[in-house]
């Protein structure tokens with residue numbers, strides 16, 4: 001880490017702003033592109049195929065704007081406190097809430113990781129790779145973190161893989177959409193036809209959960225701390241997060257545009273297994289488009305499995321008071337690296353079980369993420385307003401207003417979902 005900080009110091013001292021930005025970006029790009037994971041891309045695919053582009057293109061941009069508001073807090077928390085999110089909760093709110101946040105994160109992360117391996121198997125299956133080989137390759141890639149022995153190296157390798165998320169952009173172009181309709185969708189935000197019914201609510205929550213989830217808070221704050229960012233780097237941390245949000249939003253919108261070619265063909269989440277979406281796109285985007293789509297799904301699962309496993313390991317190490325850094329060798333941080341490896345093995349193994357219920361698990365993972373997000377936002381806002389921790393870098397009134405609006409929006413989405421479950425025939 002000392003060598004990395006020396007490079008940052010030299011770049012700042014020499015006013016080499018491009019190199020400085022390159023040295024400091026990473027956590028924000030990884031967390032945003034990592035959240036464009038397998039269930040997220042499934043949600044966007046199902047959105048385009050079932051509902052087209054009218055309502056959901058601007059809606060997805062809104063959700064990424066909210067994600068930026070939430071993640072900007074973790075940049076400041078990590079840079080100021082030099083600790084991870086779970087450790088800060090443990091320190092400021094006590095052992096109970098620290099253990100609760102870790103246990104809740106590990107459970108939801110495991111469920112999400114299962115869906116990442118579903119994406120890995122589906123994407124690889126398009127190219128004829130058997131499920132066992134796809135799972136084995138995914139576990140091996142995730143486990144590579146134990147052999148990097150340096151955060152910066154792990155970050156750059158993972159970020160290079162994450163950039164393949166942008167393959168959904170050429171897929172959208174190859175699908176030959178009506179670009180006039182795409183432009184009108186952004187300029188005139190049309191309401192959902194028929195109002196908000198239970199089907200709409202599930203896909204709405206899935207798309208929100210495709211953008212804002214608790215693991216993102218834990219990962220980015222842990223990564224900022226592990227990378228060694230300081231208060232002088234906060235501005236670049238914000239740029240890093242904004243760039244990541246922009247890239248991820250572009251890839252998400254491209255996925256909706258690409259699969260809108262299937263609108264009216266009765267495609268849904270249940271047809272995700274075996275990369276049927278990629279196969280269904282071949283008549284519209286050609287074999288190259290179908291192959292790129294499958295490659296994007298494979299990449300989405302691999303990157304998310306890598307980052308989500310790391311977020312679990314950070315939380316475990318922080319609360320268990322054990323070494324938790326990708327800069328540490330395996331012998332010094334066995335628990336940290338074993339959490340990464342075991343989470344991948346347990347998740348990949350579940351996917352290989354016969355009769356695995358794909359559709360409900362994959363879509364409901366994003367819904368669960370929304371339902372567990374309000375307390376996570378609450379903790380983040382309380383920490384950001386803790387002057388003993390944050391000092392002059394605490395939230396301003398404007399940032400508090402934005403954070404409260406995000407928390408209220410996510411909470412309202414959860415309430416609407418609960419009402420739709422209790423009153424399934426209600427139309428809003």
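Consider residue 43 carefully, then state whether it is at pLDDT below 85, closer than 20 Å to residue 296 by Cα and in a helix (DSSP H, G or I).
Answer is yes for this residue.
Looking at the structure I just gave you, is residue 310 surrounded by 23 or more Cβ atoms within 10 Å (Cβ to Cβ) and either touching a helix residue (DSSP H, G or I) at 6+ places or on another chain (Cβ under 9 Å) or touching a residue at least 40 places away in the same chain (Cβ under 8 Å) (or both)?
Numbers: surrounded by 23 or more Cβ atoms within 10 Å (Cβ to Cβ): yes; either touching a helix residue (DSSP H, G or I) at 6+ places or on another chain (Cβ under 9 Å) or touching a residue at least 40 places away in the same chain (Cβ under 8 Å) (or both): yes.
So residue 310 fits the description; yes.
Which numbered condition trips up residue 48, out of (1) within 21 Å of residue 249 (Cβ to Cβ); (2) out of contact with any helix residue (DSSP H, G or I) (no Cβ under 7 Å at 6 or more places or on another chain); (3) touching a residue at least 24 places away in the same chain (Cβ under 8 Å)?
In the conditions (1) within 21 Å of residue 249 (Cβ to Cβ); (2) out of contact with any helix residue (DSSP H, G or I) (no Cβ under 7 Å at 6 or more places or on another chain); (3) touching a residue at least 24 places away in the same chain (Cβ under 8 Å), residue 48 misses (2) alone.
Checking residue 54 against (1) in contact (Cβ under 8 Å) with a residue 40 or more places away in the chain; (2) assigned to a helix (DSSP H, G or I); (3) in contact with a helix residue (DSSP H, G or I) (Cβ under 7 Å, 6 or more places away or on another chain), which test does it fail?
With (1) in contact (Cβ under 8 Å) with a residue 40 or more places away in the chain; (2) assigned to a helix (DSSP H, G or I); (3) in contact with a helix residue (DSSP H, G or I) (Cβ under 7 Å, 6 or more places away or on another chain) applied to residue 54, the lone miss is (2).
State whether one or more residues within segment 356-364 are part of a helix (DSSP H, G or I) and at pLDDT 85 or above.
Within segment 356-364, not a single residue is part of a helix (DSSP H, G or I) and at pLDDT 85 or above.
Only one of 259, 231 is in contact with a helix residue (DSSP H, G or I) (Cβ under 7 Å, 6 or more places away or on another chain), over 21 Å from residue 55 (Cβ atoms) and at pLDDT 85 or above; which?
Among 259, 231, only 231 is in contact with a helix residue (DSSP H, G or I) (Cβ under 7 Å, 6 or more places away or on another chain), over 21 Å from residue 55 (Cβ atoms) and at pLDDT 85 or above.
Take segment 281-298 and flag every residue that is farther than 19 Å from residue 129 by Cβ and free of Cβ contacts under 8 Å to residues at least 60 places away in the same chain.
Answer for segment 281-298, where residues must be farther than 19 Å from residue 129 by Cβ and free of Cβ contacts under 8 Å to residues at least 60 places away in the same chain: just 283.
The values are calculated or read from the model by the stated rules, or taken from the named source; none is laboratory data. Because the structure is a prediction, the values reported are computed rather than measured. Neighbour counts are summed over all protein chains in view; Cβ atoms, including those assigned to glycine, are modelled from backbone coordinates with ideal geometry.
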